[in-house]
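The structure appears right after this line, and notes come after that.
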Amino acid sequence: MKPIIYYLDDIPEGRRDLRMQLRALFEPDFEVQELPLEQDIGRYLDHIHDLPVAAIFIDQNLDESGEISGYTGVRLASFLRGILPELPLYLVTAHPIQGELESEEAGNAEAVVAKTSLLLDSPTSLRFRRQFLRDVGRYHDALSSDQQRFRDLLPRKLRGELQADELAEYETLKTARNIVTEAAEEANTEAVQEKMGEIQRLLEEVEKVRRSTHS
């Protein structure tokens, strides 16, 4: 299955433009698919669960259709960043880049992209395509690294050979592998945040063990 580029816009014209622009830039190497507008922000995990997602493009204004979503593109990017810390996320806009798009929270996305910058064969679109491919490559490498590390630790875990810091690392990787599955099943924002808290606590424990080991 090809890596999937998802896009999200709440109005038909916006979806049409994004679909055409992303397909022109990235097919046939990637499959370009639409995400539906969800009232519950946690429901997006249902759509990306267990799929080879390469990136998500999110329109900043998600209430132009009159169907109030209750969140902006910046907020959705922040939510997804908490669940999938390495996934390439891009905020897109047909308006001047200002307001929330210039905020610190907007930094949860790889970039804020003007829709005009995605027009095929323009210097900006070709430059962005290079940036995008680098971002996706780094994401793939990060996933591969974590997956390989988990595979290395698993047989030693079964043989009872892990040191304390390695055991903590194993549990952290195991939890991270499961979080999207569990969150998608529950589709509940509070449950997702609770699981993120569990991962954070595990990471803190790993750091404590490492400090005590090397002191």
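Restricting the range 111-132 to residues that are open to solvent by less than 70 Å² (accessible area, probe 1.4 Å) and among the polar types (S, T, N, Q), which is nearest to Asp9 (Cα to Cα)? Steps first, answer last, please.
At the first step, the residues of the range 111-132 found to be open to solvent by less than 70 Å² (accessible area, probe 1.4 Å) are 111-115, 117-118, 122, 124-125, 128-129, 131-132.
Then drop every residue that is not among the polar types (S, T, N, Q), which leaves 117, 122, 124-125, 131.
On the way: Ser117: 17, Ser122: 22, Thr124: 21, Ser125: 19, Gln131: 22 Å.
Result: Ser117.
Condition first: under 20 Å from the mean Cα position of the chain (by Cα), of a type in the set (Asp, Glu) and open to solvent by 60 Å² or more (accessible area, probe 1.4 Å). Can you find one or more residues in the range 135-144 that meet it?
Taking the range 135-144 and keeping what is under 20 Å from the mean Cα position of the chain (by Cα), we get 135-144.
Filter once more, so that each one left must be of a type in the set (Asp, Glu): 135, 141.
Remaining after also requiring open to solvent by 60 Å² or more (accessible area, probe 1.4 Å): 141.
Yes, because at least one residue in the range 135-144 is under 20 Å from the mean Cα position of the chain (by Cα), of a type in the set (Asp, Glu) and open to solvent by 60 Å² or more (accessible area, probe 1.4 Å).
When the range 1-18 is examined, which residues are found to be open to solvent by 40 Å² or more (accessible area, probe 1.4 Å) and in contact with a Ser or Thr (Cβ under 7 Å, 6 or more places away or on another chain)?
Filtering the range 1-18 for residues open to solvent by 40 Å² or more (accessible area, probe 1.4 Å) gives 1-3, 11-13, 15-17.
Listed by number, the list holds a single entry, Ile11.
Which condition breaks for Ala164 when tested against (1) at pLDDT 85 or above; (2) open to solvent by less than 40 Å² (accessible area, probe 1.4 Å)?
(2)
Please list, ordered by first then second residue, the pairs with beta carbon atoms under 7 Å, 6 or more apart or interchain, first in the range 140-168 and more than 30 Å from Ala54 (Cα to Cα), second open to solvent by less than 70 Å² (accessible area, probe 1.4 Å) and in a loop (DSSP other than H, G, I, E, B).
What qualifies is Arg156/Leu162.
Restricting attention to the range 19-62, which residues are in a loop (DSSP other than H, G, I, E, B), within 11 Å of Ile4 (Cβ to Cβ) and either open to solvent by 40 Å² or more (accessible area, probe 1.4 Å) or among the basic types (Lys, Arg) (or both)? Before you say what the answer is, go through the steps one by one.
At the first step, the residues of the range 19-62 found to be in a loop (DSSP other than H, G, I, E, B) are 27-30, 35-40, 49-52, 60-62.
Cutting the leftovers down to within 11 Å of Ile4 (Cβ to Cβ) gives us 30, 35, 51-52.
Answer for the range 19-62, where residues must be in a loop (DSSP other than H, G, I, E, B), within 11 Å of Ile4 (Cβ to Cβ) and either open to solvent by 40 Å² or more (accessible area, probe 1.4 Å) or among the basic types (Lys, Arg) (or both): Leu51, Pro52.
Kindly indicate whether any position in the range 70-77 is more than 26 Å from Arg129 (Cβ to Cβ), in a helix (DSSP H, G or I), at pLDDT 90 or above and open to solvent by 40 Å² or more (accessible area, probe 1.4 Å).
Within the range 70-77, one or more residues are more than 26 Å from Arg129 (Cβ to Cβ), in a helix (DSSP H, G or I), at pLDDT 90 or above and open to solvent by 40 Å² or more (accessible area, probe 1.4 Å).
Name the residue, out of Ser145, Ser125, Ser215, that is polar (S, T, N, Q), modelled with pLDDT of 70 or more and more than 18 Å from Pro85 (Cβ to Cβ).
On the way: Ser145 fails: more than 18 Å from Pro85 (Cβ to Cβ); Ser215 fails: modelled with pLDDT of 70 or more.
Answer to the selection: Ser125.
Taking the condition of being open to solvent by less than 10 Å² (accessible area, probe 1.4 Å) and outside any loop (DSSP other than H, G, I, E, B), how many residues in the range 84-103 meet it? Don't jump to the end; show me each part of the working.
Taking the range 84-103 first, the residues open to solvent by less than 10 Å² (accessible area, probe 1.4 Å) are 87-93.
The next check asks that each one be outside any loop (DSSP other than H, G, I, E, B); those that pass are 89-93.
The qualifying residues number 5.
The values are calculated or read from the model by the stated rules, or taken from the named source; none is laboratory data. Nothing here was measured: the structure is a model prediction, and the numbers come from that model. As a convention, Cβ positions derive from the backbone with ideal geometry for all residues, glycine included, and neighbour counts pool all protein chains shown. Remember, those area values only see protein heavy atoms, side chains included, never the ligands or the DNA or RNA. Shrake-Rupley method; radii C 1.70, N 1.55, O 1.52, S 1.80 Å.
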